[in-house]
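Data first, discussion second: the structure below is written as structure tokens.
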Ligand SMILES: Nc1ncnc2c1ncn2[C@@H]1O[C@H](COP(=O)(O)OP(=O)(O)OP(=O)(O)O)[C@@H](O)[C@H]1O
Ligand SMILES: Cc1ncsc1CCO
Ligand SMILES: [Mg+2]
């Protein structure tokens with residue numbers, strides 16, 4: 001059965017690829033190259049623009065902004081805040097990826113400042129979302145130590161408190177806007193074995209937001225669905241993390257609407 005959300009996600013998949021949206025990615029040193037390649041393969045146009053001298057100016061012309069706190073320093077935080085403020089002023093949607101925000105006071109403060117600037121979407125792993133909700137997570141650094149189901153309550157609370165879409169990723173992803181919630185199944189257990197897979201997904205959520213700013217919930221689901229479908233297909237030919245990475249980027253590039261629609265597994269809750 002094709003649900004309405006699956007049909008919309010497929011439409012957004014085709015539109016994103018046809019439109020080649022410009023996405024400003026402020027991401028970490030680890031993710032920068034991989035995330036840019038993922039976006040290019042998926043059909044978007046990434047630009048890694050982070051310094052405060054230009055990040056705000058660029059956010060006003062980008063289709064969407066994504067902010068990931070993976071490798072912070074004061075200059076980068078300044079650039080993130082300038083970009084988020086400018087995005088808000090220009091009506092540019094933006095995504096926050098709160099990498100390991102619970103690990104240090106510096107990260108906690110940076111995330112608190114960014115949350116005040118009202119991201120359109122918050123995308124994190126289960127441990128990150130549990131901790132954002134004030135709970136005790138089993139996360140170790142950037143890697144999740146908790147199942148997605150354990151983060152669902154925190155995600156709902158966070159969505160309502162922030163007026164944001166919250167996406168929790170893991171074996172089966174969970175997306176909520178506080179009223180509507182879905183699970184997105186698929187992907188591969190090799191995905192968390194490649195660093196910056198989540199960071200790249202955050203960037204791809206930006207690509208979908210850019211083409212559907214008024215459908216942020218559907219756009220987020222469509223982006224997660226894109227990773228779930230491409231990841232599941234790539235795993236069939238991969239021998240391990242390194243060959244998976246190649247197959248995944250090739251698969252993102254080759255994926256068509258019919259294959260996306262056929263393999264997408266979105267469960268409305
Ligand atoms: N066990 C799994 N099975 C299937 N897919 C998975 C699994 N774990 C993660 N994924 C997928 O991997 C992608 C990244 O999610 P993950 O939760 O690992 O991000 P993350 O922890 O923020 O990653 P990073 O910080 O390393 O970039 C998502 O598309 C998610 O659905
Ligand atoms: C490994 C790592 N360390 C800081 S950011 C990052 C990428 C995955 O989040
Ligand atoms: Mg992460």
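Label separation (residue 30 vs residue 214): 3.9 nm, computed from points 7 Å beyond Cα along the C-beta direction.
Within the chain, antiparallel bridges make up roughly 40 percent of the DSSP beta bridges whose residues both belong there. Calculate the length of the line joining the C-alpha centroid of region 146-191 to that of region 47-74, in whole Å. Rounded to whole Å, the Cα centres lie 25 Å apart. Counting only DSSP beta bridges whose two residues both lie in region 48-188, roughly 40 percent are antiparallel.
For the residues 54, 149, 128, a GNM of the chain with alpha-carbon springs under 10 Å puts the largest fluctuation on 54. One decimal place: the segment residue 185-residue 51 gains 44.6 nm when fully extended, by the rule 0.36 nm per residue minus the C-alpha distance. Built from the Cα atoms of the chain, the convex hull projects on average onto 12.1 nm², one quarter of its surface area.
Values quoted throughout were computed directly from the atomic coordinates according to the rules given, and no laboratory measurement underlies them. Computed from a predicted model, the values in this text were never measured in an experiment. All Cβ positions, even for glycine, are placed from backbone atoms using ideal geometry, and neighbour counts span all protein chains on display.
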